[in-house]
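The values are calculated or read from the model by the stated rules, or taken from the named source; none is laboratory data. Quick caveat, the model's predicted, so the values are computed rather than measured. Backbone-built Cβ (ideal geometry, glycine too); neighbour counts: all protein chains shown. Side chains included, ligands, DNA and RNA excluded: accessible areas come from the protein's heavy atoms. Shrake-Rupley method; radii C 1.70, N 1.55, O 1.52, S 1.80 Å.
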Amino acid sequence: MAHAATYLLTKGNHIFGLDWIKKPNKQAEKRFKTFQHSTKGSEAFVWNVKEDFRSVPESWIFAHGVTQCNGYPQPDENGHIPGWVPVENDNKQYCWHSSVVNYEIGAALVLRPQKEHQELLEITTVPLHELLEQTLELIGTNINANPYGLGSKKQPIHLLVSHGVLEIQSAPAVNYQQLLGWFQGCEEGKVEGIVWHCSDGTLIKLHRHHLGLRWPVEDPFLNSRPVLVNVDLTQYEWDFIPKSLFTTFSEFNGRQFDHLKDICFE
């Protein structure tokens, strides 16, 4: 079953949308649930990967870290095989993702801290090869209720944000009460969640709802920082579509806004 992808992975010169999970068909799911409720031993459930799972697009690839056996990806403990499908320009399901990626010039519209001034955010074009093997998240007008107030129905705005690029400066201790207090009482805690990047490559995510806290919140931390538009299309030998997001941002090149929600093209 496919879900609206908000997480992305660059692979070669394509952007792949995460959240196309390969799940068991009804018969296999029934057998799996029966096994889960009846077994008392340590034996593992045996899957028939060729026959037990629903079909996925031919372009689907399994995610990094998925176990393989005889060349076939194996399901996790929940019976799921996470994977990726390409974000293509002609796929309506990914129309908002496509608006921030231009395969002809090999670049994407990205929101990130400016290198010289980390407290200042910048919107800029980044070559796809620089995003190789990274995961990114799409934010904007038509994504997850638009918690950052980007754009409008008439002029939607979407951007990619690389995971891990927005670092927490005053991270709380890994303690329930301290985490709860940080999310509730700290300005920097007005975020959707925290991801710990462990030394062995493991990622551990804590979402606000894991602590019983709501999201979105009023005035999220990302909206507290000024943002500079740094989109210069003169470096590319390409005729951009006049009303594309790339073209529109280029018309505001060099302009600084107090907050993301203040960006308005109308």
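Only residues that are at pLDDT 90 or above and either open to solvent by less than 100 Å² (accessible area, probe 1.4 Å) or at positive phi (or both): list them for region 18-32, please. Within region 18-32, LYS22, LYS23, PRO24, ASN25, ALA28, GLU29, PHE32 meet the criteria. GLN93 passes every criterion in (1) open to solvent by 20 Å² or more (accessible area, probe 1.4 Å); (2) within 24 Å of PRO226 (Cα to Cα); (3) of a type outside the set (Phe, Trp, Tyr); (4) not in a loop (DSSP other than H, G, I, E, B) apart from (2). Of all the residues in region 150-163, those that are out of contact with any strand residue (DSSP E or B) (no Cβ under 9 Å at 6 or more places or on another chain) and open to solvent by less than 30 Å² (accessible area, probe 1.4 Å) number 0. Every condition in (1) without any contact (Cβ under 8 Å) to a residue 24 or more places away in the chain; (2) under 20 Å from PHE252 (Cβ atoms); (3) more than 17 Å from the chain's Cα centre (by Cα) holds for ASN146 except the one numbered (3). The residues of region 235-251 that are modelled with pLDDT under 95 and open to solvent by 70 Å² or more (accessible area, probe 1.4 Å), listed by number, are GLN235, GLU237, TRP238, ASP239, ILE241, PRO242, LYS243.
Being over 16 Å from LYS261 (Cβ atoms), touching a helix residue (DSSP H, G or I) at 6+ places or on another chain (Cβ under 6 Å) and surrounded by 12 or more Cβ atoms within 10 Å (Cβ to Cβ): is that true of LEU166 here? Answer is no for this residue. If a residue has to be in a loop (DSSP other than H, G, I, E, B) and open to solvent by less than 50 Å² (accessible area, probe 1.4 Å) to count, how many in region 50-73 make the cut? Final tally of qualifying residues: 6. For ASP232, the requirement of being farther than 25 Å from THR135 by Cβ, modelled with pLDDT of 95 or more, open to solvent by 30 Å² or more (accessible area, probe 1.4 Å) and of a type in the set (D, E, K, R) is met.
The residues of region 102-130 that are open to solvent by 10 Å² or more (accessible area, probe 1.4 Å) and either free of Cβ contacts under 8 Å to residues at least 40 places away in the same chain or hydrophobic (A, V, I, L, M, F, W, C) (or both), listed by number, are ILE105, LYS115, GLU116, HIS117, GLN118, LEU120, PRO127, GLU130.
Considering GLY254, GLY185, GLY193, GLY189, the condition of being open to solvent by 40 Å² or more (accessible area, probe 1.4 Å) and under 21 Å from VAL161 (Cα atoms) is satisfied by GLY254 alone.
For LEU222, the conditions (1) open to solvent by less than 30 Å² (accessible area, probe 1.4 Å); (2) out of contact with any strand residue (DSSP E or B) (no Cβ under 9 Å at 6 or more places or on another chain) all hold with the exception of (2).
Annotation: of all residues in region 78-101 being in contact (Cβ under 8 Å) with a residue 12 or more places away in the chain and polar (S, T, N, Q), the one that is farthest from ASN48 (Cα to Cα) is SER99. Looking only at residues that are modelled with pLDDT under 90 and either among the polar types (S, T, N, Q) or in contact with a Ser or Thr (Cβ under 7 Å, 6 or more places away or on another chain) (or both) in region 33-49, which one is least open to solvent (accessible area, probe 1.4 Å)? The selected residue is THR39.
Conditions (1) within 25 Å of the chain's Cα centre (by Cα); (2) within 25 Å of THR124 (Cα to Cα), marked per residue:
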site	(1), (2)
PHE183	yes, no
GLY193	yes, yes
HIS210	yes, no
TRP238	no, yes
THR248	yes, yes
ASP258	yes, yes
ASP262	yes, yes
